[in-house]
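Structure, as structure tokens:
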Amino acid sequence: MRLTEHVRRPGDAYLNLSCPVCGCVAVPYFRRGRTHFDRCPECAFVYARFVPSGDTLATLRPAHTGPATAADTADTGDDTGDGDARRASARLSSAIGDWWHARGIIRCAQGRRRLLVIGDSGGRLPGTLERTGHFDIERAGATRAQPLPDRPAQPDDALFDRRYADRQFDLIAGFHVLDGVQHLGEFIDEIRRILAPRGRVYFVAPRGATAATAHGARSDARRFEAPGRFWYFSVPAIRQLMTDRGFRVHSARGLPGRPHLTVIAEKTD
């Protein structure tokens, strides 16, 4: 195990002694099982105090590491009319989400065609985007296809095993991926490496409660998907993270009542 102050290899376990975004000393926030989470008083970033190794995570997490969608959580065991109504409502909710994100990505792209999608909002978004005719799409799955010989398998680092070329993509869209990557900074650096000059990112990530209250901590603890989810974002935290890693943030916001935020950023050269 290494501390965050030391240089580490991808796959190592490590301990966060301070906020990974701004470096401030955080305060204990909540506990979920054996995992402790701290909250930064400056940028409101919520993070796991201890992040397990890639080998450990590979034994803990299921193959599907994306968030549960409305369709996933609909009650399929009820053969009554109410059950059919719930399933129809879940499908409609998923379709609206796909439409919303597709619309946002098209606006973000501004003519950029080479698109990499990491994760997705429910399994149908890449098809929705393909039907628009605006993009040449490639997908990076939520889990590693083949581990590299010089590093252990990491379920969330879908980029590293594919060895994408420098500046290969004009736009990268990531859905509920940032909260599960083991090494957040290195992941953003890899995103930047494979983006073309002035390439853009469109990320959807979970956000923490806006206030460090007992109610906010309970709410965040209930929504947290353990094991393998390490980060809750705030607008100030996501802005600083992307800026420090070589991006200019165009938009970072969360809608009232929604448990996630969306960030649009452009690579600087």
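The values are calculated or read from the model by the stated rules, or taken from the named source; none is laboratory data. On a predicted model such as this, the values are computed, not experimentally measured, just so you know. For neighbour counting, all protein chains shown are included, and Cβ atoms are generated from backbone atoms with ideal geometry for every residue, glycine included. Note: accessible area is taken over every heavy atom of the protein model, side chains too, but ligands, DNA and RNA are not part of it. Shrake-Rupley method; radii C 1.70, N 1.55, O 1.52, S 1.80 Å.
Looking only at the stretch 13-69, which residues are basic (Lys, Arg) and either open to solvent by less than 50 Å² (accessible area, probe 1.4 Å) or modelled with pLDDT of 95 or more (or both)?
Within the stretch 13-69, 39, 61 meet the criteria.
Quick check on residue 192: is it over 26 Å from residue 33 (Cβ atoms), assigned to a helix (DSSP H, G or I) and either in contact with a Gly (Cβ under 6 Å, 6 or more places away or on another chain) or modelled with pLDDT of 95 or more (or both)?
In short, yes.
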